[in-house]
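Inspection log for the structure reproduced underneath, given as structure tokens.
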Amino acid sequence: MSWLRTVLLAVSVALVINQFGLAMSVVNGTSMQPTLEDGDRLLINKFHFLFEEPRRGDVITFEDPSRDGRYLVKRVVGVPGDRIAIRGGELYRNGKRVSEPYIDSDIEDGNYGPVAVKPGSVFVMGDNRHRYASRDSRYKSVGLVPNELIEGKVELILWRPSLATFL
């Protein structure tokens with residue numbers, strides 16, 4: 001009987017960790033290139049935002065507001081109080097151009113905003129700034145992401161299929 005208790009305890013701990021602690025996720029699509037690639041296996045820290053608010057630059061996963069059960073991965077570029085605008089292919093926050101060393105092109109989707117980020121929400125964008133490459137806060141189907149929809153912070157790429165080699 002003690003083995004049954006041990007198995008039940010192990011399963012319970014695993015479920016709690018997966019639900020509230022750490023989770024794995026797989027990138028589906030190219031909206032976060034060049035930072036993340038299609039098929040990357042990610043480690044998601046679900047604890048992080050229990051103790052801290054999202055910060056500019058965080059890469060997060062969140063529930064897609066327009067599709068139940070689907071999750072998106074994007075970068076936080078605006079937090080409450082920020083005013084976000086796009087002009088001439090560049091991101092502006094609070095009237096100042098933002099340096100984005102993680103992207104590899106200008107923003108090709110045209111001008112946008114300004115939009116004020118409301119309390120309890122964040123403004124997110126994919127790192128792939130080519131035309132129509134990322135469905136993010138610029139689009140009505142996503143919009144400002146409420147903090148309650150945020151699942152966690154991407155901490156680590158566990159495995160990248162493009163780097164795998166076979167003998």
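The values are calculated or read from the model by the stated rules, or taken from the named source; none is laboratory data. Since we're looking at a predicted model, the values are computed, not measured. Every residue, glycine among them, receives a Cβ derived from its backbone with ideal geometry; neighbour counts consider all protein chains shown. Please note that ligands, DNA and RNA were not included when accessible areas were found on the heavy atoms of the full protein model with its side chains. Shrake-Rupley method; radii C 1.70, N 1.55, O 1.52, S 1.80 Å.
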Mind checking the angle between helix 2-20 and the chain's longest principal axis? C-alpha axes, 0 to 90 degrees, to the nearest 10.
0
So if I place +1 on the C-beta of Lys and Arg and -1 on the C-beta of Asp and Glu, and nothing else carries charge, what would the dipole magnitude of the chain be about its Cα centre? I want it in debye, nearest 20.
280
Tell me, what % of the accessible area of the chain is carbon and sulfur with a 1.4 angstrom probe?
57
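Compute the Cα gyration tensor for region 51-153, then decide on rounded, prolate or oblate, letting a ≥ b ≥ c be the square roots of its eigenvalues: rounded whenever a/c is under 1.5, prolate when a/b is larger than b/c in the other cases, and oblate in all that remain.
Since a/c reaches 1.5 and a/b is larger than b/c, the shape of region 51-153 is classed as prolate.
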Anisotropy class of region 68-109 from Cα gyration tensor, a/c 1.5 cut
oblate
Using modelled amide H (1.01 Å from N, peptide plane; none on Pro or chain starts), what sits under 5 Å from the amide H of residue 128, excluding residues fewer than 5 places away?
32, 33
For the chain, build the charge dipole from Cβ charges (+1 Lys, Arg; -1 Asp, Glu) around the Cα centre, then report which of 154, 137, 105 sits farthest towards its positive end.
137
Inter-label distance for residue 6 and residue 87, nm, one decimal - labels placed 7 Å from Cα along Cα-to-Cβ
6.7
Need the full-extension length gain, residue 157 to residue 43, defined as separation in residues times 0.36 nm minus the C-alpha distance. One decimal, nm.
40.4 nm
With the dipole of the chain worked out from charges on the C-beta (+1 for Lys and Arg, -1 for Asp and Glu) around the Cα centre, which of 35, 114, 124 lies farthest toward the positive end?
114
